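**Student:** Handing you this structure, nothing more for now.
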Amino acid sequence: GLHLTLEQDSSFLSFFESVEVQEISQEQTLEILERRVGMIEYRSHCLLSYPALKEVVRLADKYIQGTPFPKKAVDLLDEAVAFLLQTKERVLLPGHAAAVLTEKTQIPVGQIETKERETLLNLEGLLHKRIIDQEEAVGEVAAALRRARTEVASRKGPMGSFLFLGPTGVGKTETAKALASVYFGSESRMVRLDMSEFQNPKDIDRLLGSKDQEGLLTTPIRENPFCLVLLDELEKANANILNLFLQVLDEGHVTDGLGRKVSFLHTIIIATSNAGYQFILEAIRQKADFKQLKQGMLDYLFSQGIYRPEFLNRFDGVVIFTPLTKEHLKAIAQLMLSKVKENLEKKGIQLVITEPLQEKIAELGYDPTFGARSMRRVIQDKIENALAEAMLRNELRPGVKIEIDPQTF
């Protein structure tokens, strides 16, 4: 109410002196928890270990937004003790705090942290189970994440931020989905925004929220601070919208429409862009070496005023996705057909994926301009339609093993 009423009357406000009460530090919060230990142990007949107190402070700082220290740590400690009382154990350990936070925020804290080392070390291989080719893109993303998570370099922004450039249908969005699935455990832990919907400066209110509406960007992050943020078709957003993300990429936080600080420190931000596709198509025609394409592509984007250098420099990596060859499409056809096979197996029908079928799908779906998107339509028109009709005629029943003729489908 201060800004809405009292500040309007400067003479009245002059009778008051402003005293700022800042949020206390993690060290001070730990001291407060230590002072509460004796009373909690007396009432609960449990023992609170010092490592558990430190873990409560660390987890509260990392995963709980919207509530300052010391309250969020005190609340988490009380909930951890209540959780302990429901078990036969009587010593509060770090794992109990992690279990409570998982239940409280739906973030699989313990599971993520025990598997994270192995995931990061094998990230390229895990991503390549879903992403064909794009060795440079996958390698750059994996390397940047390893640097961020091991805190080799000091940083204030998100865990990782990348701009994926390249023609449509080459795997930019699919790479983001794969990363959400592999690193965060599920594609549902991805906040996806179509930036073509934010072409007006007034759309900032839709992103940050206000008294009348939730923020399309800030609300999901407040509710799920450990996630991947996908900004599709970034080049179509208004310039003022891009300025908003300058702070997010640089400082790792933004203030929402209600004045609350929203942290992006535990997110991965991926922006995709088809900007400069004319440059890429010309390089395809001239059979240019795509390993040398990156600098030329950046120069083109700057000269056309699509992005400013200070904006692109905020990303951990600007990654060029190269067009797919027929061999790549053959491997992608195998992946897409495998999904059809899995769906049929649920119905008790076994689909045999033959080499000629893969080659035919790749041949019909090859389009250097639209990448693998054309192949999705080919599988839909040639394979899925034929299977659907056969099912409706009762030609496909549980226990049947089938092949599809690549010439007649």
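The values are calculated or read from the model by the stated rules, or taken from the named source; none is laboratory data. Quantities reported herein were computed from a predicted structural model and do not represent experimental measurements. Backbone-built Cβ (ideal geometry, glycine too); neighbour counts: all protein chains shown. What goes into the accessible areas is simple: the full protein's heavy atoms, side chains included, and nothing from ligands, DNA or RNA. Shrake-Rupley method; radii C 1.70, N 1.55, O 1.52, S 1.80 Å.
**Student:** Please report the Cα spread of segment 256-409 along all three principal axes, rounded to whole Å, starting with the longest.
**Tutor:** 61, 50, 20
**Student:** Could you tell me the ratio Rg/Rh of segment 143-282? Both radii from Cα atoms, Rh via Kirkwood.
**Tutor:** Rounded to two decimals, Rg/Rh equals 0.97.
**Student:** If amide H atoms are built 1.01 Å from N in the plane of the peptide, which residues on other chains or at least 5 residues away come under 5 Å of the amide H of Leu47?
**Tutor:** Those lying under 5 Å, H to H, from Leu47 are Val91, Leu92.
**Student:** Expressed as a whole percent, how much of the Cα-Cα distance distribution for segment 340-400 exceeds 12 Å?
**Tutor:** 71
**Student:** How much accessible area per residue does segment 45-159 have, in Å², with a 1.4 Å probe?
**Tutor:** 51
**Student:** A further question follows. Report the Cα-based extents of segment 231-331 along its three principal axes, largest first, to the nearest Å.
**Tutor:** 52, 34, 20
**Student:** Follow-up. Using DSSP to define loop residues, name the chymotrypsin sites (Phe, Trp or Tyr not before Pro) in segment 1-62 whose beta-carbon has at most 11 other beta-carbon atoms within 10 Å.
**Tutor:** Hits after loop and neighbour filter: Phe15, Phe16.
**Student:** Mind checking the log10 I(q)/I(0) for segment 1-50 at q = 0.25, 0.31 Å⁻¹? Debye, one equal scatterer per Cα, no solvent, two decimals.
**Tutor:** -0.95, -1.11
**Student:** Shifting gears a bit: Mind listing P(r) for segment 78-161? All alpha-carbon pairs, 5 Å bins, whole percents.
**Tutor:** With 5 Å bins starting at 0, P(r) equals 3, 12, 17, 15, 16, 12, 9, 8, 5, 2, 0.
**Student:** Please list, by residue number, everything in segment 36-60 whose backbone N is under 12 Å from a paramagnetic label point 7 Å out along Cα→Cβ of Glu89.
**Tutor:** So the set is 47-49, 52.
**Student:** I would also like to ask the following. Between Glu395 and Leu335, what FRET efficiency follows from the Cβ-Cβ distance if R0 is 45 Å, with the result rounded to 0.05?
**Tutor:** Between Glu395 and Leu335 the formula returns 0.95.
**Student:** If you roll a 1.4 Å probe over segment 15-169 with all protein chains in place, what percent of the accessible area is carbon or sulfur?
**Tutor:** The computed percentage sits at 53.
**Student:** P(r) of segment 1-98 in 5 Å steps, Cα pairs, percent per bin?
**Tutor:** Computed distribution, short to long bins: 2, 12, 21, 18, 11, 8, 7, 7, 6, 5, 3, 1, 0.
**Student:** Within segment 195-232, whose backbone N sits under 19 Å from a point 7 Å along Cα→Cβ of Asn240?
**Tutor:** Within reach of a label on Asn240: 195-218.
**Student:** Rounded to the nearest 10 Å², what accessible area does Met336 show when all protein chains are kept and the probe is 1.4 Å?
**Tutor:** 40
**Student:** On to the next question. Sorting Lys88, Lys211, Lys294 by accessible area (1.4 Å probe), largest first, what list results?
**Tutor:** Listed by decreasing accessible area, they come as Lys88, Lys211, Lys294.
**Student:** If I compute solvent accessible area with a 1.4 Å probe over the protein chains, what percent of it on segment 213-338 is carbon and sulfur?
**Tutor:** The nonpolar share, carbon plus sulfur, comes to 49 percent.
**Student:** Right, another one. How big is the Rg/Rh ratio for the chain, C-alpha atoms only, Rh by Kirkwood, two decimals?
**Tutor:** 1.06
**Student:** Measure up Lys115/Lys236; Lys177/Lys294; Lys104/Lys236; Lys104/Lys177; Lys54/Lys211; Lys72/Lys211 against 27 Å on the Cα-Cα distance and list the ones that go over.
**Tutor:** Beyond 27 Å: Lys115/Lys236; Lys104/Lys236; Lys54/Lys211.
**Student:** Assuming 0.36 nm per residue, please report the length gained on full extension of the stretch Ile40 to Val21 beyond their Cα-Cα distance.
**Tutor:** Working it through step by step, the gained length comes to 4.1 nm.
**Student:** List the residues, sorted by chain then number, that are 5 or more residues from Val229 or on another chain and whose placed amide H is less than 5 Å from its amide H.
**Tutor:** Val191, Ile268, Ile269, Ile270
**Student:** Answer with one residue from Gln278, Ala143, Leu329: the one whose Cα lies farthest towards the positive end of the charge dipole of the chain, charges on Cβ with Lys, Arg +1 and Asp, Glu -1.
**Tutor:** Leu329
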